[in-house]
1. When segment 262-289 is examined, which residues are found to be surrounded by 15 or more Cβ atoms within 10 Å (Cβ to Cβ) and under 28 Å from Val32 (Cβ atoms)?
2. Could you figure out which of (1) surrounded by 17 or more Cβ atoms within 10 Å (Cβ to Cβ); (2) part of a loop (DSSP other than H, G, I, E, B); (3) not hydroxyl-bearing (Ser, Thr, Tyr) isn't true of Gly153?
3. Of these, Phe29, Phe63, which one is surrounded by 18 or more Cβ atoms within 10 Å (Cβ to Cβ), within 20 Å of Pro115 (Cβ to Cβ) and in contact (Cβ under 8 Å) with a residue 60 or more places away in the chain?
4. Is it fair to say Leu3 is in a loop (DSSP other than H, G, I, E, B) and in contact with a Lys or Arg (Cβ under 9 Å, 6 or more places away or on another chain)?
5. Pairs needed: first member in segment 109-128, crowded, with 16+ Cβ neighbours inside 10 Å; second member anywhere, of a type in the set (Lys, Arg); C-beta distance under 6 Å; at least 6 residues apart or different chains.
6. Restricting to segment 33-52, name every residue that is in contact (Cβ under 8 Å) with a residue 60 or more places away in the chain and surrounded by fewer than 20 Cβ atoms within 10 Å (Cβ to Cβ).
7. Go through segment 68-120 and report how many residues are modelled with pLDDT of 75 or more, under 24 Å from the mean Cα position of the chain (by Cα), of a type outside the set (Asp, Glu) and part of a loop (DSSP other than H, G, I, E, B).
Amino acid sequence: MSLSSKHLLGIRNLTKEDISLILQTATQFKEVLQRPIKKVPSLRDITIVNLFFENSTRTRISFELAEKRLSADTISFSASSSSVSKGETLLDTVNNILSMKVDMVVMRHSASGAPHFLAQHIPAAIINAGDGINEHPTQALLDAFSILEKTGGLEGKKIAIIGDIMHSRVAQSNIYLLKKMGAEVVVCGPPTLIPKYITEALGVQVEYDIKKTLEWCDVANVLRIQLERQNQVLFSSLREYNLAYGITRRLLDSLSKEIVIMHPGPINRGVEIDSDVADGNQSIILQQVENGVAVRMAVLYLLADRGQ
């Protein structure tokens with residue numbers, strides 16, 4: 001079996017069958033990662049370029065490790081300190097990639113749609129590692145894989161996405177994926193951090209009461225406050241945000257049931273989530289990081305057309 005698309009530009013472009021195939025393949029690769037020898041020769045003759053025009057730690061390292069585990073040849077390029085304008089950089093990148101004759105490109109860029117632009121101009125398979133505030137498809141896939149692993153399924157599960165929904169590409173990709181797989185989704189946060197027409201556009205419910213949201217959900221995916229993307233003051237202070245929407249041990253202990261806590265990272269401890277929650281027994285944050293390698297191995301393997 002293979003994916004319906006040559007590229008992974010976003011969850012919006014995937015079918016339910018594509019998502020299921022990626023998650024099933026990730027399960028097989030996670031078994032590989034438990035072995036004493038974690039490397040397989042699946043992509044031995046494939047060349048992959050990692051283009052990161054934005055700062056990244058977990059995503060970049062996760063992709064690089066996934067590529068090494070699959071025995072691919074890799075080239076990593078970080079342009080976060082470049083002073084070249086976005087348009088010129090992308091055009092230069094196109095020409096450089098064409099000359100290198102690479103097979104796959106993993107790309108993160110601050111401009112929404114940048115991976116789509118590359119996909120129209122070069123023959124290599126493109127994997128979107130995050131574009132502006134648009135999408136972050138592999139994060140949504142690893143989140144779904146982690147929920148599936150922890151709870152046994154996605155269909156019918158109640159998932160709350162909490163925090164800075166307005167500026168989050170993770171939120172958007174998660175909503176697309178969870179809705180396609182039959183989960184119920186509620187977004188929660190301050191009114192200034194939730195898009196006005198999100199219910200009409202994405203079909204999710206909006207809730208502003210954090211306690212009510214946590215009582216409803218099975219899983220809470222807590223998002224980082226993205227101050228670097230906010231060009232105006234959207235709440236009075238980080239302290240006040242923590243008091244109103246922070247996930248604390250006291251808040252979780254007040255609930256009538258135990259829920260699963262997730263966070264895509266990086267964590268602002270003491271802001272959207274307290275340390276004793278992030279490191280507590282309800283948290284699967286470290287499992288998300290671990291699962292990221294298996295999920296990205298699955299995506300690389302399937303897009304290299306080795307799934308047939």
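The values are calculated or read from the model by the stated rules, or taken from the named source; none is laboratory data. As the structure is a computational prediction, the values presented were derived from the model and not from experiment. Please note: Cβ atoms are built from the backbone with ideal geometry, for glycine as well, and neighbour counts cover all protein chains shown.
1. Result: Met262, His263, Pro264, Gly265, Ser283, Ile284, Ile285, Gln287, Gln288, Val289.
2. Of everything listed in (1) surrounded by 17 or more Cβ atoms within 10 Å (Cβ to Cβ); (2) part of a loop (DSSP other than H, G, I, E, B); (3) not hydroxyl-bearing (Ser, Thr, Tyr), Gly153 misses just condition (1).
3. Phe63
4. When the stated conditions are applied, Leu3 does not pass them.
5. Short answer, once both residue conditions are applied: Ala111/Lys86; Ala125/Lys6.
6. Leu33, Ser42
7. The total comes to 7.
A quick yes/no check of all residues on (1) closer than 18 Å to Asn128 by Cα; (2) of a type in the set (A, V, I, L, M):
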site	(1), (2)
Ser5	yes, no
Ile11	yes, yes
Lys16	no, no
Ile19	yes, yes
Gln28	no, no
Lys39	no, no
Asn50	yes, no
